[in-house]
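Derivation of every value follows stated rules applied to the coordinates shown; laboratory data play no part. These numbers were taken from a predicted model, which means no experiment stands behind them. FYI the Cβ positions are ideal-geometry reconstructions off the backbone, even for glycines, and counts take in every protein chain you see.
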Amino acid sequence: MSATERVYNLIGMDSVKNEVEGWNVLSKCSHPSKQTVSQNYLIPLASGAGRTTITREITGVLKELRLFSFASAVPFLEVKPESRQGQVKRIFEQIRSEAIITNEFKGLVAVDLSAYYDNYYTAEFNEFLDQTRYNDNNILFVFFTQRLSDEKTTELLSRLQTIGNIKLLPTDEFSDKDLLTFALRRLEKKDIAIEEAAVEELQKAIKTVRKTQGFAYFKSIDKLIADIQYSIGKSQDTDFYIGGVVSKNDLCGYLSNDLKQYTVSETGTRKLGF
């Protein structure tokens with residue numbers, strides 16, 4: 001599967017898919033000077049909802065379509081500045097350390113802006129913007145933040161505009177159906193089938209986990225699937241872990257017993273091994 005196809009296969013993320021569709025059109029442009037992406041992006045998306053996946057896949061698309069000049073030890077980096085003195089310098093030293101020949105990193109950098117949520121006018125954030133502006137010619141920045149109010153989004157966009165072109169890629173809240181789709185894909189990837197009658201029970205488990213403190217979307221669902229696999233597998237033979245089948249009775253038993261322990265561990269200390 002190509003990088004473009006993997007983006008189209010993402011759950012939700014319509015704005016990202018539409019942007020990639022535009023990149024496909026751009027890649028077919030006959031004028032070489034127009035065959036590049038010089039846009040930076042702001043994506044409001046909760047932690048655990050696929051930030052790394054999006055970063056990896058859009059990097060793959062840019063390489064695949066030859067729309068950005070990558071020339072570093074790694075094609076993309078993920079950084080998370082902290083709102084305290086000296087952090088900005090450390091972050092950009094980390095970025096430059098991945099350069100190959102010069103001290104300039106040439107690739108995509110995904111930045112988690114959550115540390116600046118309370119104030120986009122601090123000295124640290126101003127320093128961050130200055131450093132970002134300085135590196136804008138050789139780095140494509142993707143800024144991630146938690147879901148914001150319209151007022152807060154406008155404020156952040158206004159601040160980020162000082163570094164150059166910035167485009168908002170809005171995202172919708174993931175539905176229970178989206179999370180179920182992800183869970184079914186995870187089971188399929190693990191080569192574990194699920195009876196049709198058990199899908200409704202799996203949906204109940206997802207709704208329960210969604211109410212736990214610290215719920216982290218796909219990351220939490222990934223942990224749930226691992227917990228289901230372990231809980232059911234330990235009561236069966238080892239063949240379950242490869243090519244196993246989850247039945248309705250299996251999940252009913254899990255809902256009645258192990259899920260309660262799982263949700264308690266999600267709000268406090270997780271069980272060993274998970």
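Based on the alpha-carbon gyration tensor of the range 1-122 and its eigenvalue square roots a ≥ b ≥ c, which shape applies: rounded if a/c is under 1.5, prolate if not and a/b is larger than b/c, or oblate? The shape class here is oblate. Computed from label points 7 Å out along Cα-Cβ, the spacing between Lys204 and Cys29 is 5.5 nm. In the chain, a dipole from Cβ-located charges (positive for Lys and Arg, negative for Asp and Glu) runs towards its positive end, and of Pro44, Ile11, Leu251 it is Pro44 whose Cα lies farthest in that direction.
By the count of neighbouring beta-carbon atoms within 10 Å, fewest first, Phe70, Phe125 end up ordered Phe70, Phe125.
Report the trypsin sites (Lys or Arg not before Pro) located in the range 137-235 that are in a DSSP loop and have at most 13 other Cβ atoms inside 10 Å of their Cβ, or state none. Write out the running numbers ahead of the final one.
On the way: sites: Arg147, Lys152, Arg159, Lys167, Lys177, Arg185, Arg186, Lys189, Lys190, Lys204, Lys207, Arg210, Lys211, Lys219, Lys223, Lys234; in loops: Arg147, Lys190, Lys211, Lys234.
The qualifying sites are Lys211, Lys234.
Between Asp14 and Val74, the contour length at 0.36 nm per residue exceeds the alpha carbon distance by 18.9 nm.
Modelled this way, with points 7 Å down the Cα-to-C-beta line, the labels at Asp130 and Glu104 are 2.1 nm from one another.
Were the residues from Glu82 through Glu21 laid out at 0.36 nm apart, the gain over their Cα-Cα distance would be 18.6 nm. Amide H contacts under 5 Å for Lys167: Asn40, Tyr41, Leu42, restricted to partners 5 or more places along the chain or on a different chain, H placed in the peptide plane at 1.01 Å from N. The residue among Gln146, Leu62, Val20 whose Cα reaches farthest toward the positive pole of the charge dipole of the chain, with charges on the beta-carbon of Lys, Arg, Asp and Glu, is Leu62.
Over the chain, what is the percentage of antiparallel beta bridges among all DSSP beta bridges, to the nearest 5? Could you put the intermediate results ahead of the total?
Numbers: 1 of 20 bridges.
Approximately 5 percent, going by the DSSP bridge assignments.
Each pair of Cα atoms in the chain enters the Kirkwood radius, and Stokes-Einstein at 20 °C and 1.002 mPa s then converts it into a translational diffusion coefficient of 103 µm²/s.
Going from the fewest other Cβ atoms within 10 Å to the most, the residues Phe174, Phe105 appear in the order Phe174, Phe105.
Only helices enter this figure: runs of n ≥ 4 DSSP H residues, each worth -39500 (n - 2.57), summed and divided by the residues of the chain, yield -14500 deg cm²/dmol at 222 nm to the nearest 500.
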